[in-house]
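Visitor: Before I ask anything, here is the structure I am working with.
The values are calculated or read from the model by the stated rules, or taken from the named source; none is laboratory data. What you see is a predicted model, and the numbers here were worked out from it, not measured in a lab. So basically every Cβ, Gly included, is an ideal-geometry build from the backbone, and we count neighbours across all protein chains shown. Accessible surface is based on the protein model in full, side chains and every heavy atom, while ligands, DNA and RNA are left aside. Shrake-Rupley method; radii C 1.70, N 1.55, O 1.52, S 1.80 Å.
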Amino acid sequence: MRARGNSARIVFTAALMLLYASVAFAGNTGIISGLVTDENGKGVSGALVVVKGANMFATTNADGYYVVNGVPVGYFDVKASRVGYSEMVQTGVKVVADLRTNVSFQLQSQVTGTHVIESEKPLIEFKETMTADTIDSDAIDKQVVDEFADMLARTPGIVYEDSDASTLNLHIRGGRGNEIAYIVDGINITNPIVGGAGMQVPTDAIAEMSIIKAGWDAEYGEAQSGIINISTKEGRDTYTGNVDVVYEVYTGKHDKSSHKYLEATGLEDPDVPLVTWETRTRQTKYSKVSGSFGGPIVNPYLSFFVGGDYKRDWTVYPLPNPDTEWNANAKLTIKPTNRYRMSLSAGKYREDHDYFDNQYQYVLDEHYEHRMVDALRLSGKWTHNVTDSAFYEVNGGMFKEHRLRNTDGKFWTDYYRDPPNPQSDPTGWFITDGDWPFYQDRYQQYYNVKGDFTYNMARGSEGGTVGRLAENQIKCGGDVKLFDLDFYEVYAPSGNIYTDVYYVEPRSYAAYVQDKLEYSGMIINVGVRFDMFDPNADYPLDPWDFRYALDGTPINLDSDYETYKDTPRKKADKTYQVSPRIGISYPITDRDKLHFSYGHFFQTPPYAYLYESTQLELNTSGYPLMGNPDLNPQKTIQYEIGVEHLFTDTLKADVSAYFKDIKDLLDTERINYETGQNYTRYINADFGSVRGLEVKIDQRVTRNFSGSVGYTFSVAKGLASDIYQGYNYSYRTWTAPIRENLLDWDQTHTLDLMLDYRTNRENHNFGVNTTLVYGSGMPYSKPKEGSGQPEVNTQRMPWTMDWAIKVNYDVNFLGLTYSAYCEVLNLLNRRNVYNFGADEGDGAGEDWIPFYYFYGDADGPYDDLEVWGDPMRLRVGLSVGF
């Protein structure tokens, strides 16, 4: 790995250390505002409103109006008081990121004492124009949750394409898996090279997770499908802590298919050797230890919170080592006065696991592939409330990630490759000797500085009495991101060796302005965002325009250039985008709301597709791929319209119709030469469209019961599901589609159900929570006998269902809460088919679609258990908290 960074980055890092404030692609604070009136409805001026536990307060103006900016997410008690009036406290006020929470008080004059009432977050947020599902720490504690992605999978509008919980397999409203931005405490932890979340977050440290699916503000950039915005917990004015241990005590089994068919004849293959292991002997021994601790250091000016977990898990496959994962999060909050606030946050994540491949199951003891992820996030934020109506934030931070994939801890040149190609058994499928032919070492990090200014204009009605109230929140800001990407990869299938090495330092710049007008009869949120991306790289105009390769092989003897390094190169152009957005919330009655949003959303393609093989001579054999630094941003235009209705004070329904037009998606283009050379490059050629309907019903706690049910109808179409479709079709001389087909992750019907029951006693409580996710079958391509071109996604896989349940019993004793619980995943032990092998009918020849289509054998002729989801798993756990 080469040295990273330069003097400019050293200066930048020093500035960050002095500034130390977090990047805020998205807010992780909210606003509390409202009116303080007397018993006659007249505004009370000069009243003091205190957010207890946050060391924040405000004073009401002449109309009795107040606003408290920059309140961290979570639950707070809010107190209003004035000399000559009674005090009033609203407990359990919930603050949500990027949202204004209304907390109003009616004080009694000439009355002493304190009036305490319990606050409830309204089921309908009339001031919200974004479509978002908010999940707090209480919801996470109640459900079967291993990591935050589990909660995403139970959210209406979100589907998983595979049994693997990787966030790259997650799709929001029909978009591709790498079109989502993942943000933690303001830091974007999205993997810049391939997409998806770059690290995990301890579930014990999550205060709130906001899943934004439509209509997000101009403040958010680099996302086409959605935003996952996570805010971690802060220390309060009292100490809290928790230790939790969970262990898997039983694992079900999937019976293996006894049929091993030959594709050509449909008869059993007598030459296929017996597989040496079965699922009933799987090594699953899941265990997890987690904990958290937080509270004041100097109350109320300085507080802390730390949380983390460590997990071990053997998968369904007979690998020699367990998967291990540990991650930790820490936050320090400094509140010297009501006007100033500083938060410092850090996250660390490490994952190690061995990769299973069906072909290599006989050599896993020595030749398996090991995968490692090591990630670090540092962030902080400085907030200054200049007045009660205006504040600014100065932010900065960094995220870095190191990923290594190799065989048995070896460097590529040390791989066992004698003979050069892996050896196979008589079937030609199972590998009996030779290392896994892949090596990758990649390092990525970025630094960011961002500033925001927010001004809240508000006025009451004339004469000091409170009538029609209009609020106008203007927010503007900008940010700069500097990247370091260092990439090394070698892949050697079937004797061809593909090497990719690059080091690049792209950068991006953005600015936005948005205005949120809040009237009693309508809320309008309008904004515009400007983005500029500089690839900061060059690439060869013609990668074969030179005479001789490094090994002396003739390439193009008619060229004017001797070697690859002499080839003319082009400096990549900067790209510019302007993204207008508007959202409207229209309260029809006090129980009904109409909402509408429209916006343009751009995203620079994952950087792997910009820089691949642009700094190194292409492989002279095989079918080389080359990146394209001049790729345009991908674009999505979204529309949404919906209605929310409150049936009762505890029952709400939300119906939303959404539409997406997607352009400039990535595909590949084959370039052939008369000399026999060829290469494939990435281009903006694909397009797609999504149409859907979401229905969600929420039941707030009533007689100890609560729950929600969501139904999604969706049709997702596009020119290609796979970026490499053009590459694979060209290799097989197939005709590429020219019209939209169903995408691989098109799930027509999805049902998400959650039911919860729990008692509310003083010393002991019982609770049960169950979640069920049903999905209709996803499409696959109809194969043709022989090796003909398949019919793209005209068939459907079987439907899937994942049913989980958690039962807990809590006892309070000597100031501690003891909780014993049991968790069951895949309660019915259903055999869910999530994929048909690695390639799902794209023609690469490593999938089992023909065996399922012709013979009903989903796992193919060699019992490839990667096809199936997990069987039933039973866990028991114990936690102690205070």
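Visitor: So, of the residues in the range 612-624 that are surrounded by fewer than 20 Cβ atoms within 10 Å (Cβ to Cβ) and touching a helix residue (DSSP H, G or I) at 6+ places or on another chain (Cβ under 9 Å), which turns out to be modelled with the lowest pLDDT?
Guide: Here is the first cut: in the range 612-624, the residues surrounded by fewer than 20 Cβ atoms within 10 Å (Cβ to Cβ) are 615-616, 619-623.
Subsequent filtering for residues that are touching a helix residue (DSSP H, G or I) at 6+ places or on another chain (Cβ under 9 Å) retains 616, 621-623.
Values: LEU616: 88, SER621: 71, GLY622: 74, TYR623: 82.
Per the criteria, the residue is SER621.
Yes or no, residue by residue, for (1) charged (D, E, K, R); (2) buried (at least 20 other Cβ atoms within 10 Å of the Cβ):
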| position | (1), (2) |
| --- | --- |
| LYS142 | yes, no |
| PHE148 | no, yes |
| ILE158 | no, yes |
| ASP185 | yes, yes |
| VAL201 | no, yes |
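Conditions (1) within 15 Å of THR383 (Cβ to Cβ); (2) open to solvent by 10 Å² or more (accessible area, probe 1.4 Å), marked per residue:
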| site | (1), (2) |
| --- | --- |
| LEU48 | no, yes |
| LYS52 | no, yes |
| ALA62 | no, yes |
| ALA80 | no, no |
| GLY84 | no, yes |
| GLU87 | no, yes |
| GLN90 | no, yes |
| ASP98 | yes, yes |
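Visitor: Okay, moving on. For ASP479, state whether it is assigned to a strand (DSSP E or B), modelled with pLDDT under 95 and over 24 Å from the mean Cα position of the chain (by Cα). First the steps, then the outcome.
Guide: Numbers: assigned to a strand (DSSP E or B): yes; modelled with pLDDT under 95: yes; over 24 Å from the mean Cα position of the chain (by Cα): no.
Judged against the criteria, ASP479 is not a match.
Visitor: Quick check on the range 419-476: of everything there that is acidic (Asp, Glu) and at pLDDT 85 or above, which residue is farthest from THR101 (Cα to Cα)?
Guide: Result: ASP441.
Visitor: Do we find a residue being at pLDDT 90 or above and under 25 Å from ARG830 (Cα atoms) anywhere in the range 230-246?
Guide: Within the range 230-246 (the criterion being at pLDDT 90 or above and under 25 Å from ARG830 (Cα atoms)), the answer is yes, since at least one residue qualifies.
Visitor: Given the criteria out of contact with any Lys or Arg (no Cβ under 8 Å at 6 or more places or on another chain), more than 19 Å from PHE530 (Cβ to Cβ) and modelled with pLDDT of 95 or more, does ALA572 qualify?
Guide: Considered against the rule, which asks whether it is out of contact with any Lys or Arg (no Cβ under 8 Å at 6 or more places or on another chain), more than 19 Å from PHE530 (Cβ to Cβ) and modelled with pLDDT of 95 or more, ALA572 comes out as yes.
Visitor: If I ask for residues that are touching a strand residue (DSSP E or B) at 6+ places or on another chain (Cβ under 6 Å) and outside any strand (DSSP E or B), which ones from the range 796-825 would you list?
Guide: Correct list: MET797, PRO798.
Visitor: Pick from the range 769-795 the residues that are assigned to a strand (DSSP E or B) and loosely packed, with under 15 Cβ neighbours inside 10 Å: which of them is nearest to the chain's Cα centre (by Cα)? Spell out how you get there, then give the answer.
Guide: At the first step, the residues of the range 769-795 found to be assigned to a strand (DSSP E or B) are 769-775, 779-782, 791-795.
Now drop any that are not loosely packed, with under 15 Cβ neighbours inside 10 Å, which leaves 791, 794.
On the way: GLU791: 32, THR794: 29 Å.
The selected residue is THR794.
Visitor: Another one. How many residues are at pLDDT 85 or above and not in a strand (DSSP E or B) if we restrict to the range 3-61?
Guide: Result for the range 3-61: 10.
Visitor: Here's something else I'd like to know. Collect the residues in the range 666-719 that are among the β-branched types (Val, Ile, Thr) and in a strand (DSSP E or B), keeping them in residue-number order.
Guide: Restricting attention to the range 666-719, the residues satisfying the condition of being among the β-branched types (Val, Ile, Thr) are 668, 671, 675, 680, 683, 690, 695, 697, 701-702, 709, 712, 715.
Matches in the range 666-719: THR668, ILE671, THR680, ILE683, VAL690, VAL695, ILE697, VAL701, THR702, VAL709, THR712, VAL715.
Visitor: Filter the range 508-552 for residues that are open to solvent by 50 Å² or more (accessible area, probe 1.4 Å) and aromatic (Phe, Trp, Tyr) and give the result.
Guide: Initially, the range 508-552 is screened for residues open to solvent by 50 Å² or more (accessible area, probe 1.4 Å), giving 509, 513, 519-520, 522, 526, 528, 530, 538, 541, 547-548, 550-551.
Within the range 508-552, TYR509, TYR519, PHE530, TYR548 meet the criteria.
Visitor: Could you check ARG403 against (1) out of contact with any Ser or Thr (no Cβ under 8 Å at 6 or more places or on another chain); (2) over 26 Å from TYR349 (Cα atoms); (3) modelled with pLDDT of 70 or more and say which number it fails?
Guide: (2)
Visitor: Would you pick out the residues in the range 279-316 that are at pLDDT 85 or above, in a loop (DSSP other than H, G, I, E, B) and surrounded by fewer than 17 Cβ atoms within 10 Å (Cβ to Cβ)?
Guide: Selection gives ASN299, PRO300, TYR301.
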